[in-house]
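For reference, the structure is listed below as structure tokens.
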Amino acid sequence: MTQGEASAPLDIEPSSFNVSWQKTMMWMFIITDALLFSGYLASYMFTRLASDVGWPDQTEVFSMNFITVMTFTLITSSATMACAVKAATDKDHKTARKYLLLTALIGLAFLGMQAIEWSHFIGDGARLDGNPWGVPAFSAYFFMMTGFHGTHVLLGVVILLITYLHTTPARLDAGKVELAGLYWHFVDLVWVFIFGCFYLL
């Protein structure tokens with residue numbers, strides 16, 4: 001090998017995807033978590049179909065108008081999150097901060113409504129091991145699915161508030177806002193499936 005050949009740069013094949021490692025890891029987490037929620041929903045549907053006892057009528061157990069408002073509230077937060085990502089991409093830190101904070105507040109409102117729903121459900125006699133409606137698995141799945149999702153929403157609110165504090169003219173990072181947005185949209189989408197499978201079917 002000649003001296004010129006030794007000093008030549010290595011010919012490294014460029015990556016096929018122009019994606020940061022942070023976004024790659026977020027997508028890996030989302031896919032893994034989506035499989036977990038899918039398992040919960042599949043288990044719920046199987047248990048419901050295999051039950052010998054008639055499954056409770058959701059409209060008699062829950063206030064469907066209240067659940068619909070909860071769902072609309074969380075879906076609205078997807079729009080505000082999208083506005084935050086757009087503003088961060090445009091380097092508009094004030095607008096990005098405004099929509100990040102608004103999204104976090106909407107998330108807290110959803111959690112507050114979920115707490116009200118839980119209190120009514122428990123007040124009506126629902127427990128992990130039984131309920132007045134005859135199928136113990138009904139309340140167990142309710143607590144498991146909505147509780148696990150609510151934990152994700154709470155974590156999302158914390159992430160949004162941290163991102164809000166870090167979104168300043170000196171430290172504006174559109175990539176971090178986008179990562180928070182990916183997580184938040186995932187949480188919203190999961191609720192749509194829970195709403196459809198648990199409350200409507």
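Values in this text are rule-based calculations from the coordinates and carry no lab data. Here the structure is a predicted model, which is why all the values come from computation and not from measurement. Here Cβ is always computed from backbone atoms with ideal geometry, including for glycine, and neighbour counts include all displayed protein chains.
Taking trypsin sites (Lys or Arg not before Pro) that fall in a DSSP loop and have at most 11 other Cβ atoms within 10 Å as cut points, what is the longest piece of the chain between them? It would help to have the intermediate numbers written out before the result.
Working: sites that count: Lys91, Arg171.
Here the longest run is 1-90.
Can you name the helices of the chain, as whole DSSP H runs, whose Cα span along the helix axis is 27 Å or more and whose Kyte-Doolittle mean is not below 1.0? Present the calculation step by step, with values, prior to reporting the outcome.
Values: long enough: 21-50 (43 Å, 0.72); 64-89 (38 Å, 1.18); 93-123 (45 Å, 0.64); 136-166 (45 Å, 1.33); 174-194 (30 Å, 1.14).
Span-like helices in the chain: 64-89, 136-166, 174-194.
Among Thr95, Ser119, Val85, which residue has its Cα furthest toward the positive end of the charge dipole of the chain, with +1 on Lys/Arg Cβ and -1 on Asp/Glu Cβ?
Highest projection toward the positive end goes to Thr95.
Need the full-extension length gain, Glu60 to Ile75, defined as separation in residues times 0.36 nm minus the C-alpha distance. One decimal, nm. Could you put the intermediate results ahead of the total?
Details: separation 15, 0.36 × 15 = 5.40 nm, distance 2.47 nm.
Fully extending the segment from Glu60 to Ile75 adds 2.9 nm.
Only Cα pairs within less than 10 Å get springs; with that Gaussian network setup on the chain, which residue of Leu179, Leu102, Leu35 has the largest fluctuation?
Leu35
With N residues in the chain, what two-decimal value do you get for its Cα radius of gyration over 2.2 N^0.38 Å?
Working: Rg = 22.3 Å, N = 201, 2.2 N^0.38 = 16.5 Å.
Normalised Rg, Cα atoms only: 1.35.
Arranged by the count of other C-beta atoms within 10 angstrom, fewest first, what order do Asp52, Asp90, Asp188, Asp129 take?
By the 10 Å Cβ count, ascending, the order reads Asp52, Asp129, Asp90, Asp188.
Which value in nm describes the separation of the simple spin-label points at Phe46 and Trp118, placed 7 Å from the Cα toward the beta carbon?
2.7
Return the distance in nm (one decimal) between the two label points of a simple spin-label model at Asp33 and Arg171, each offset 7 Å from Cα along Cα→Cβ.
Distance between label points: 2.2 nm.
Picking from Val177, Leu105, Trp191, whose Cα lies most toward the positive end of the charge dipole for the stretch 61-200 (charges on Cβ: Lys, Arg +1; Asp, Glu -1)?
Val177
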